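> This structure is in structure tokens; I'll ask about it shortly.
The values are calculated or read from the model by the stated rules, or taken from the named source; none is laboratory data. Bear in mind the structure is a predicted one, so any value in this text is a computation, not a measurement. Cβ atoms come from the backbone with ideal geometry, glycine included; neighbour counts cover every protein chain shown. Just the protein is used for accessible areas: all its heavy atoms, side chains included, with ligands, DNA and RNA removed. Shrake-Rupley method; radii C 1.70, N 1.55, O 1.52, S 1.80 Å.
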Amino acid sequence: MRFDVITLFPELFAPFLASGVTRRAYASGQVQVQLWNPRDWAEGNYRRVDDRPFGGGPGMVMLAEPLARCVAAIRAERAEGEGAQAPLVLFSPIGRRLDHAGVQGWSEGTGAILLCGRYEGVDQRFIDSYVQLQISLGDFVLSGGEIAAMALLDAVARLQPGVLHDAGSHQLDSFNPELDGLLDCPHYTRPEAWQGQAVPAELLSGHHAQIERWRRQQRLAVTARHRPDLLDQARQQGRITREDEAFLSRTPPLL
């Protein structure tokens, strides 16, 4: 799997690729990341990659030509290996919001070319000619697409075999189909009592079925309170049992 990242700030990725548990995916080559600076394909002494927008207004707009040359270089290098037809992705407010299903799909693919926009945006003619897909992290604006690219890379990397210590730990993440798309339950560790608060007795019981029942109920309760849309979706998919509904019909327990 290979991701080519087009960014004006490649130095931002150095600590990201070398830190945390996901560094295993990059170090092993399971997830290959190559960084490309469009300034290397810009003309003139100043290697200019932006200019003022036609029609006036604040800010600057990324030029189409340096980006087009950069993409051509990436495509030429990719043509010799797998993933030559990888999509060009732009992180943008108009894009589809990234979710677990989307991340799962990327984790099973061969990668993409990720364009990290800056300034007021990218010349629309480049978008119309080159961009196949636009992705958003949510209804807010970042100063650039680098953080969004890192979010996608991190989410994809942790799903690769052998990256996490426990191969099945990601299956218990929030939104995962293994949890019926619900939010995860609360977690506790030592000490058993902290600032007058005790760990729930069910988790100390040693009774596997009782522990799993408590966790299921807490996932239901947390999701009902904070993301009822996810609970409705799980119902539509037939993932909520009669026992679940009986629990939800009662007063939601305090966590």
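> Ranked from highest to lowest mean number of other Cβ atoms within 10 Å per residue, what is the order of the peptides 56-65, 205-214? If you can, show how the numbers build up before the last one.
Working: 56-65: 14.1, 205-214: 11.9.
Going from most to least packed, we get 56-65, 205-214.
> OK, next. If packing is taken as the average number of other Cβ atoms within 10 Å across a peptide's residues, how do 241-249, 3-11 rank, most packed first? Spell out each step's value before the answer.
Details: 241-249: 12.4, 3-11: 19.8.
In decreasing order of mean packing, 241-249, 3-11 become 3-11, 241-249.
> I'd like to check one number: the per residue accessible area of region 69-167, probe 1.4 Å, reported in Å² as a whole number.
Values: 5010 Å² over 99 residues.
On a per-residue basis, region 69-167 sits at 51 Å².
> Looking at region 2-60, what % of the alpha carbon pairs are farther apart than 14 Å? Spell out each step's value before the answer.
Numbers: 1144 of 1711 pairs.
More than 14 Å apart: 67 percent of the Cα pairs in region 2-60.
> With only alpha-carbon atoms in the gyration tensor, what are the semi-axes of the equivalent ellipsoid for the chain, in Å, largest first? Please list the in-between numbers first.
Working: eigenvalues 373, 84, 60 Å².
Sorted largest first and rounded, they come to 43, 20, 17 Å.
> On to the next question. Using a 7 Å offset from the Cα along the Cα-to-Cβ direction at both ASP99 and ARG69, what is the distance between the two label points in nm, to one decimal?
With each label point 7 Å from Cα toward Cβ, the separation is 4.2 nm.
> How big, in percent, is the set of alpha carbon pairs in region 5-100 lying more than 20 Å apart? Let's see the in-between values first.
Numbers: 2500 of 4560 pairs.
Tail fraction, whole percent: 55.
> Heads up, I need the accessible area for TYR119: 1.4 angstrom probe, whole protein in place, Å², nearest 10.
100 Å²
> Output the direction-averaged projected area (hull surface divided by four) of the convex hull of the alpha-carbon atoms of region 106-155, in nm². Don't skip to the answer; put the middle values down first.
Details: hull surface 16.0 nm².
So the mean shadow area of the Cα hull is 4.0 nm².
> Find which of ALA14, SER136, GLY181 sits farthest along the positive direction of the dipole of the chain, computed with +1 on the beta-carbon of Lys and Arg, -1 on that of Asp and Glu, about the Cα centre.
Towards the positive end, the residue furthest out is GLY181.
> For ARG47, ARG227, give the ranking by accessible area with the largest first, probe 1.4 Å. The partial results should precede the final answer.
Values: ARG47 110, ARG227 85 Å².
Result, largest first: ARG47, ARG227.
> Roll a 1.4 angstrom probe over the protein heavy atoms and tell me the percent of accessible area of the chain that is carbon or sulfur.
With neighbouring chains kept in place, the figure for the chain is 51 percent.
> Given the options GLY55, ILE74, GLN34, identify the residue whose Cα lies farthest towards the positive end of the charge dipole of region 1-123 (+1 on Cβ of Lys, Arg; -1 on Cβ of Asp, Glu).
GLN34
> Length gain on complete extension for the stretch ALA209 to THR189, per 0.36 nm per residue less the alpha carbon to alpha carbon distance? The partial results should precede the final answer.
Values: separation 20, 0.36 × 20 = 7.20 nm, distance 1.95 nm.
Gain on extension, ALA209 to THR189, equals 5.2 nm.
> Quick one: plug the Kirkwood hydrodynamic radius of region 120-246 (C-alpha pairs) into Stokes-Einstein at 10 °C, 1.306 mPa s, and report D in µm²/s.
Values: Rh = 18.3 Å.
Taking Rh from Cα pairs, D becomes 87 µm²/s.
> For the chain, what does -39500 (n - 2.57) per DSSP helix run (n ≥ 4), summed and divided by total residues, give at 222 nm, in deg cm²/dmol to the nearest 500?
Working: 10 runs with 93 residues, N = 255.
It comes out at -10500 deg cm²/dmol, rounded to the nearest 500.
> Can you give me the accessible area per residue for region 178-227, using a 1.4 Å probe, in Å²?
Here the per-residue accessible area is 65 Å².
> Can you give me the convex hull volume of the Cα atoms of region 48-133, divided per residue and expressed in Å³? Don't skip to the answer; put the middle values down first.
On the way: hull volume 8.5 nm³, N = 86.
Dividing the Cα hull volume of region 48-133 by its residue count gives 98 Å³.
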